[in-house]
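Here the structure comes first, spelled out in structure tokens, and everything after it is commentary.
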Amino acid sequence: MESNLQIILQQLQAEKSIDRDTLIEAIRSALESAARKGLHPAAHVTVDVDPTNLSFKVYEIRTVVEHVEDEATEISLEAAKALNAAAAIGDRLKAPTEPRDFGRIAAQTAKQVIIQKIKDAERDNVYDEFKKREGDLASGVVKRISHGNIIIGIGRAEAVLPHREQSPRETYKPGDRVRAYVLEVDKSPKGPQVVLSRTTPELVRALFQLEVPEIYDGTIEIKGIAREPGSRTKIAVHSHDPNVDAVGACVGMKGSRVRAVVEELCGEKIDIVRWSEDPVELCGNALNPADIIDITVDEENKVVLVVVPHDQLSLAIGKRGQNARLASRLMGWNIDIKSEEQLTGTAPDTDMEGYPIEEAEPGDEAVEE
């Protein structure tokens, strides 16, 4: 039987990529379960397996007593001393035993126990593998779509792209390849649960790290991201090397780097602005390409009043307030945009005057390091 176990162990190691100690423990548990079926139900059974040659011995754990009343759990002092000369009354002793029909029972029982232990070990391995990949990009193939959620095969696991984490611009069908951000990995009774996202601002960060070597090596830092998935994203970048232009490096030669990110996001617009600790300068950069006449900062309330030419008001605020809203999230300040005529009272009020900055939806807030 030991030779058969050696063969089984080698096959499982090759096929399942499970370490030898885990497999030996699975075999030991299987033999222990099989041994219990061939002994008294009240007996305490344990199995020792030699990891070198996989030889095993079955023991019953018994209590040393003066007079034996329960043969399944007790052993006489005389018999105990034959096994261990130092045995005394009250000691618990491992007594070698051989269950009835152990070979046949082991063959029937051990198989199911080993299979279950191997499944558990595989789940733990997959969980450990993907837990380390939280915060990274993962690529896979769409397997099916269920109740709006997309099930994606990524290596040895299946991941879910929930409906709430899907960009409104994107549609998928089985067989499509998908690259997404690993949002979280949890354990569940059915195995590891890998949740992906295509809407988180961190997806944009990860894509730029992939496309821009200067971001990957830390020369350029992404200081903030504000995103409305499927529509537009603003990122603020800062260079730690005065000889490296942060915006130019992210844009790339003829826009090649930013274009690769835009294509991955299915045409989502991306504005790359230069980061500054000065809120006036950062606000001006974030509201590009609108011309700005004046910026007034209320640091106590974190409010910025921006004055622009009347013909630039719509451009500064953006369609449905998007440009101003994203700039506000990027800064973490509330931005109030007025035209010069509105400020002096020489022009009638419009729907755009003092456009309120909407609160960010969950997951869309500016990300700052």
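The values are calculated or read from the model by the stated rules, or taken from the named source; none is laboratory data. Computed from a prediction, not measured in an experiment: that's the story for all the values here. Methodologically, a virtual Cβ is constructed for each residue, glycine included, from the backbone with ideal geometry; neighbour enumeration extends over all protein chains shown.
Residue by residue, here is whether (1) among the hydroxyl-bearing types (S, T, Y); (2) at pLDDT below 80; (3) within 30 Å of S188 (Cα to Cα) holds:
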residue	(1), (2), (3)
E25	no, no, yes
A30	no, yes, yes
A35	no, yes, no
V47	no, no, no
V64	no, no, no
E71	no, yes, no
A79	no, no, no
R100	no, yes, no
R123	no, no, yes
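List the pairs whose first member sits in segment 117-131 and is touching a residue at least 24 places away in the same chain (Cβ under 8 Å), whose second member is part of a helix (DSSP H, G or I) and among the small types (G, A, S), and whose Cβ atoms are under 9 Å apart, counting only residues at least 6 apart or on separate chains?
Between residues of segment 117-131 that are touching a residue at least 24 places away in the same chain (Cβ under 8 Å) and residues that are part of a helix (DSSP H, G or I) and among the small types (G, A, S), the close pairs are K117/A26; K117/S29; K117/A30; I118/A26; A121/A26.
Looking at (1) at pLDDT 70 or above; (2) surrounded by 14 or more Cβ atoms within 10 Å (Cβ to Cβ); (3) not acidic (D, E), find the lone condition where I8 falls short.
(1)
In segment 265-299, what residues are closer than 22 Å to I220 by Cα and touching an Asp or Glu at 6+ places or on another chain (Cβ under 9 Å)?
At the first step, the residues of segment 265-299 found to be closer than 22 Å to I220 by Cα are 265, 269-288.
If the condition is that a residue be closer than 22 Å to I220 by Cα and touching an Asp or Glu at 6+ places or on another chain (Cβ under 9 Å), then L265, R274, W275, P279, A286, N288 are the ones that fit.
Cβ-Cβ distance below 8 Å, separation of 6 or more or different chains: which pairs start in segment 168-188 with a residue that is at positive phi and end on one that is at pLDDT 90 or above and surrounded by 12 or more Cβ atoms within 10 Å (Cβ to Cβ)?
From segment 168-188, the pairs are G175/V141; G175/V142.
Please go through (1) hydrophobic (A, V, I, L, M, F, W, C); (2) closer than 28 Å to C250 by Cβ; (3) out of contact with any helix residue (DSSP H, G or I) (no Cβ under 9 Å at 6 or more places or on another chain) for V160 and return the number of the only condition it doesn't satisfy.
V160 satisfies all of (1) hydrophobic (A, V, I, L, M, F, W, C); (2) closer than 28 Å to C250 by Cβ; (3) out of contact with any helix residue (DSSP H, G or I) (no Cβ under 9 Å at 6 or more places or on another chain) except (2).
Only one of these is at pLDDT below 80 and out of contact with any Gly (no Cβ under 6 Å at 6 or more places or on another chain): A110, A85. Name it. Break it down into steps so the answer makes sense when it comes.
Values: A85 fails: at pLDDT below 80.
Checking each option against the conditions leaves just A110.
Could you check segment 152-173 and list, in sequence order, the residues that are surrounded by 16 or more Cβ atoms within 10 Å (Cβ to Cβ), farther than 24 Å from P201 by Cβ and modelled with pLDDT of 90 or more?
Residues satisfying the conditions do not exist here.
Name every residue in segment 305-328 that is over 37 Å from the mean Cα position of the chain (by Cα) and among the aliphatic types (A, V, I, L, M), in order of residue number. Explain how you work it out, then say what you get.
Applying the first criterion (over 37 Å from the mean Cα position of the chain (by Cα)) to segment 305-328 yields 305-316.
Residues satisfying the conditions are L305, V306, V307, V308, L313, L315, A316.
Where in segment 244-290 are the helices (runs of 4 or more DSSP H), entirely inside, with at least 1 residues that are within 22 Å of Y181 (Cβ to Cβ)?
Numbers: elements: 246-251, 256-264, 279-286.
Per the criteria, 246-251, 256-264.
Within segment 189-216, how many residues turn out to be free of Cβ contacts under 8 Å to residues at least 40 places away in the same chain and over 18 Å from I150 (Cα atoms)?
6
Those residues that are surrounded by fewer than 24 Cβ atoms within 10 Å (Cβ to Cβ) and in a helix (DSSP H, G or I), I need them from segment 307-316; list them, please. It would help to see each step written out before you state the result.
At the first step, the residues of segment 307-316 found to be surrounded by fewer than 24 Cβ atoms within 10 Å (Cβ to Cβ) are 307, 309-315.
The answer is H310, D311, Q312, L313, S314, L315.
Of all residues in segment 192-218, which are of a type outside the set (V, I, T) and over 14 Å from the mean Cα position of the chain (by Cα)?
Initial filter on segment 192-218 (of a type outside the set (V, I, T)): 192-193, 196-198, 201-203, 205-211, 213-214, 216-218.
If the condition is that a residue be of a type outside the set (V, I, T) and over 14 Å from the mean Cα position of the chain (by Cα), then P201, R205, L207, F208, Q209, L210, E211, P213, E214, Y216, D217, G218 are the ones that fit.
Which residue is farthest from G224 (Cα to Cα), if the candidates are limited to segment 289-331 and must be touching a residue at least 12 places away in the same chain (Cβ under 8 Å) and among the basic types (K, R)?
Ranking the candidates gives K302 first.
So which residues in segment 174-189 are under 20 Å from P229 (Cα atoms) and surrounded by 18 or more Cβ atoms within 10 Å (Cβ to Cβ)?
Listed by number, the residues that qualify are V178, A180, Y181, V182, L183.
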